[in-house]
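The values are calculated or read from the model by the stated rules, or taken from the named source; none is laboratory data. For clarity, every value in this text was computed on a predicted model and none was experimentally measured. Heads up, the Cβs are rebuilt from the backbone with ideal geometry, glycines too, and the neighbour counts pull from every protein chain shown.
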Amino acid sequence: MRIGLTGGGATVDQVVAQAQQAEADGFSALWYASLVTGDPLVAIALAGRETSAGQVADGTILWMAPVKAVEAHVVPKITAAAAAAGRPAPRIVAGPPVAVHDELGEARSAAAESSQV
C-alpha cells in the first residue's frame with residue numbers, strides 16, 4: 001500500500017526538510033496546495049531536488065472549483081501538457097460546490113454566480 005501526506009512548509013528549508021523526512025519515514029507521496037509557496041509546482045520541484053522522487057501524479061483533484069473554470073482552464077491546460085510530454089491525459093476529479101436550500105431559485109442563482117469565470 002502506498003500512503004501520501006499533505007505537504008506544507010512556509011519556507012524552502014521547511015518544504016525540503018518535510019520531503020526528506022516523509023521519504024525517510026516510508027511515505028510515497030506529498031500533495032501540495034497552492035497555499036504552499038504560492039504554486040504547488042514550486043514546492044514539488046523543491047522537494048524533488050532533495051529526494052529520490054521520480055513518480056508523476058496520475059491526476060489532480062479540484063475541490064470546490066467552479067465547473068466553468070475546470071472546463072475553460074484546467075482541462076485544456078492539463079491535457080495539452082500531458083500531450084506535450086507524450087503522456088495520456090490524466091484523470092481530473094472535481095468536487096463542485098453543493099447547496100442545500102429551500103428556495104430553488106436562490107440556490108440556482110448562487111450556483112451560477114459561483115461558477116462564473
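Considering each of 53, 110, 80 in turn, give the residue that is under 30 Å from residue 16 (Cα atoms), of a type outside the set (Val, Ile, Thr), out of contact with any Gly (no Cβ under 9 Å at 6 or more places or on another chain) and at pLDDT 75 or above. I'd like the intermediate steps shown before the answer.
Numbers: 53 fails: at pLDDT 75 or above; 110 fails: under 30 Å from residue 16 (Cα atoms).
The match here is 80.
Residues being modelled with pLDDT of 80 or more and either of a type outside the set (A, V, I, L, M, F, W, C) or loosely packed, with under 12 Cβ neighbours inside 10 Å (or both): count how many of those fall in region 11-38.
So the count comes out to 10.
State whether one or more residues within region 56-68 are of a type in the set (Ser, Thr, Tyr), at negative phi, surrounded by 10 or more Cβ atoms within 10 Å (Cβ to Cβ) and at pLDDT 80 or above. Steps first, please.
As a first pass, look at region 56-68 and keep what is of a type in the set (Ser, Thr, Tyr): 60.
Checking the rest, the ones that are also at negative phi come to 60.
Add one more test, that the residue is surrounded by 10 or more Cβ atoms within 10 Å (Cβ to Cβ), and what stays is 60.
Of the ones still in play, those that are also at pLDDT 80 or above are none.
So far as region 56-68 goes, no, none of its residues is of a type in the set (Ser, Thr, Tyr), at negative phi, surrounded by 10 or more Cβ atoms within 10 Å (Cβ to Cβ) and at pLDDT 80 or above.
Just need a number here: residues in region 11-28 that are over 11 Å from residue 46 (Cα atoms) and not in a helix (DSSP H, G or I).
4
Under the condition of being in contact with a helix residue (DSSP H, G or I) (Cβ under 9 Å, 6 or more places away or on another chain) and not in a strand (DSSP E or B), which residue from region 1-10 is surrounded by the most Cβ atoms within 10 Å (Cβ to Cβ)?
Kept after step one, since they are in contact with a helix residue (DSSP H, G or I) (Cβ under 9 Å, 6 or more places away or on another chain), are these residues of region 1-10: 4-5, 7-9.
Add one more test, that the residue is not in a strand (DSSP E or B), and what stays is 7-9.
On the way: 7: 22, 8: 14, 9: 19.
Ranking the candidates gives 7 first.
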